[in-house]
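Visitor: Before anything else, here's the structure in question.
Values in this text are rule-based calculations from the coordinates and carry no lab data. As the structure is a prediction and not an experimental result, all values here were calculated from the model. As a convention, Cβ positions derive from the backbone with ideal geometry for all residues, glycine included, and neighbour counts pool all protein chains shown.
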Amino acid sequence: MKKLLMSFLSCSLLAATANAQESSSTAPATHTYEMTQTYDLAVPKGSKGETKLWIPLPFNNEYQQVKSIRYEGNYNRAYITENNTYGAKTLFADWDEKAQQRDLKLTLVIQTKDREPMRQKALENYTPPEKIIYSVDVVEYLKPTQHIKTDGIVKEYADKIVGQETNPLQKARLIHQWIVNNMERDNSVLGCGDGDVEKILTSGVLKGKCTDMNSVFVALARAAGIPAREVFGIRLGAAPKMSRYSKTAFGSADENRIAKISGAQHCRAEFYLAGFGWVPVDPADVAKMRLTEKKAVEDADVQAVSDYLFGNWEMNWVGFNHARDFELYPLPQLAPINNFGYPYAEIGGDPLNFFEPKEFKYDYSAKEL
């Protein structure tokens with residue numbers, strides 16, 4: 001049995017959002033979780049050859065920190081890499097064709113802090129600089145990708161939604177509210193959705209899941225000149241603040257604070273304000289709450305959730321990466337992949353169905369410590 005233990009210690013400076021939060025009289029709530037992932041990869045009928053597995057790992061920043069990571073299994077090799085265009089942290093493992101089992105267990109301890117710049121009034125008097133110059137890493141999130149188009153029908157929608165507004169914060173608010181008012185969650189969509197914004201807007205069927213709706217936000221924001229990106233991640237347990245509006249829509253756990261999270265993947269979004277930094281947003285969860293609680297968009301609770309989720313995230317969730325339409329490393333047979341919110345595996349070049357944990361054979365759980 002091979003084992004590896006690592007500790008991640010953070011010494012990075014807090015971003016402007018965190019500074020604003022710390023100055024508030026009400027400090028953001030913190031949470032600590034132990035997340036366990038177990039894999040016993042199943043070989044589909046007709047597949048044979050080397051097995052390769054890519055697992056998304058959380059990033060470290062001012063609102064989330066991986067305190068420790070440990071993995072063990074009967075793999076040939078296993079290592080952590082960020083060798084891709086988005087720097088998406090990945091645990092890669094492989095097994096040879098004759099392996100009788102393909103086992104891996106991953107355990108992470110993660111600390112998060114509620115991300116609430118709007119609630120902390122850090123953006124109350126926001127005014128953009130007279131001349132905005134974005135850094136090279138931010139400019140990347142103005143560019144289109146295969147699934148995030150910024151011209152054609154996407155640009156037409158963006159122009160109509162923001163109208164004559166010039167303040168990027170207010171433009172982002174208009175886009176968020178348009179999605180809340182016009183899009184609905186569709187539980188029949190596979191996984192989190194494929195986030196093909198042009199297809200969604202062209203079809204006129206304004207429905208989907210989190211990747212669909214939050215990708216619409218990202219594409220419309222970019223088309224309106226605002227850097228924006230998805231954040232792919234997973235819920236880790238109950239949502240103490242948001243549970244007043246829904247006991248299940250935003251995450252849940254049992255009486256021992258243990259959550260079964262094999263199907264808890266969730267895509268969020270954020271946009272960038274010059275002179276401030278990245279701002280959290282999540283119109284998709286407004287739609288999820290509406291469907292779960294069977295409420296109309298005009299309902300007071302829906303509007304309260306919408307207000308909170310523009311500029312705030314309760315952090316019973318952890319983010320993995322911002323990657324869209326990119327190539328994993330080592331390069332799999334299927335490339336590029338749409339996004340990296342789920343584990344990805346191939347056996348002899350044949351991809352496993354990561355949307356079905358029992359078919360892929362993975363099991364995730366988390367416990368709040």
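Visitor: Where nothing but the Cβ of Lys and Arg (+1) and of Asp and Glu (-1) is charged, how large is the charge dipole of region 136-320 around its Cα centre, in debye to the nearest 20? Can you show the working numbers first?
Guide: On the way: 23 positive and 24 negative charges, 50 e Å.
So the dipole magnitude of region 136-320 works out to roughly 240 debye.
Visitor: Sticking with this one: Along the charge dipole of region 136-320, which of 161, 192, 139 sits closest to the positive end, that is, farthest toward it, with unit charges on the beta carbon of Lys, Arg, Asp and Glu (+1, +1, -1, -1)?
Guide: Positive-end residue among those listed: 192.
Visitor: A further question follows. If contacts are Cα pairs under 8 angstrom and at least 6 residues apart, what is the relative contact order of region 136-320 in percent?
Guide: Relative contact order, region 136-320: 24 percent.
Visitor: Over the Cα atoms, compute the radius of gyration (one decimal) and Dmax (the largest Cα-Cα distance, rounded to a whole number) for region 169-297, in Å.
Guide: 14.8, 46
Visitor: In whole percent, what relative contact order does the chain give with Cα contacts below 8 Å and a gap of six or more residues?
Guide: RCO, the chain: 24 percent.
Visitor: To continue, here is another question. If the cut-off is 21 Å between C-alpha atoms, which lysines fall inside it for residue 143, apart from same-chain ones fewer than 8 positions away?
Guide: 131, 155, 160, 171, 199
Visitor: Let me ask another. Write out the GluC sites (Glu not before Pro) in region 225-280 meeting two conditions: DSSP loop, and at most 15 other Cβ atoms within 10 Å of their Cβ.
Guide: Sparse-neighbourhood loop GluC sites (Glu not before Pro): 255.
Visitor: Taking a spot 7 Å from the Cα of residue 325 along the direction of its beta carbon, which residues of region 130-164 have an amide N less than 15 Å from it?
Guide: What the label zone holds, given the 15 Å backbone N cut-off, is 140-155.
Visitor: Give or take rounding to whole Å, what are the principal axis extents of the alpha carbon atoms in the chain, in descending order?
Guide: If we take the Cα atoms of the chain, the spans are 63, 46, 43 Å.
Visitor: Along the charge dipole of region 36-86, Cβ charges K/R +1 and D/E -1, which of 49, 86, 76 sits furthest on the positive end?
Guide: Result: 49.
Visitor: I'd like the per residue volume of the convex hull spanned by the Cα atoms of region 261-304, given in cubic angstrom.
Guide: So the per-residue hull volume is 100 Å³.
Visitor: Multiplying the sequence separation of residue 138 and residue 359 by 0.36 nm and subtracting their Cα-Cα distance, what value in nm do you get?
Guide: Going from the current span to full extension adds 75.7 nm.
Visitor: Continuing with the same structure: Treating only the Cβ of Lys, Arg, Asp and Glu as charged (+1, +1, -1, -1), what charge dipole size does the chain show about its Cα centre? Round to the nearest 20 debye.
Guide: On the way: 44 positive and 47 negative charges, 97 e Å.
That gives a dipole near 460 debye.
Visitor: Can you return the aspartates and glutamates within cross-link range of residue 260? Criterion is Cα-Cα under 18 Å, with same-chain partners fewer than 8 residues away left out.
Guide: Filter leaves 34, 40, 356, 359, 363, 368.
Visitor: Further question: Can you sort 109, 136 from fewest to most other Cβ atoms within 10 Å of each residue's own Cβ?
Guide: Fewest-to-most ranking of 109, 136: 136, 109.
Visitor: Next up: Along the charge dipole of region 157-310, Cβ charges K/R +1 and D/E -1, which of 227, 237, 249 sits furthest on the positive end?
Guide: Going by the Cα projections, it comes out as 237.
Visitor: Would you mind giving the average projected area, over all directions, of the Cα convex hull of region 131-175 in nm² with one decimal?
Guide: With every direction weighted equally, the projected area is 3.9 nm².
Visitor: With a sphere of radius 10 Å drawn around the Cβ of residue 368, what net charge do the other residues whose Cβ falls strictly inside it have (Lys, Arg +1; Asp, Glu -1)?
Guide: So the environment of residue 368 carries a net charge of +1.
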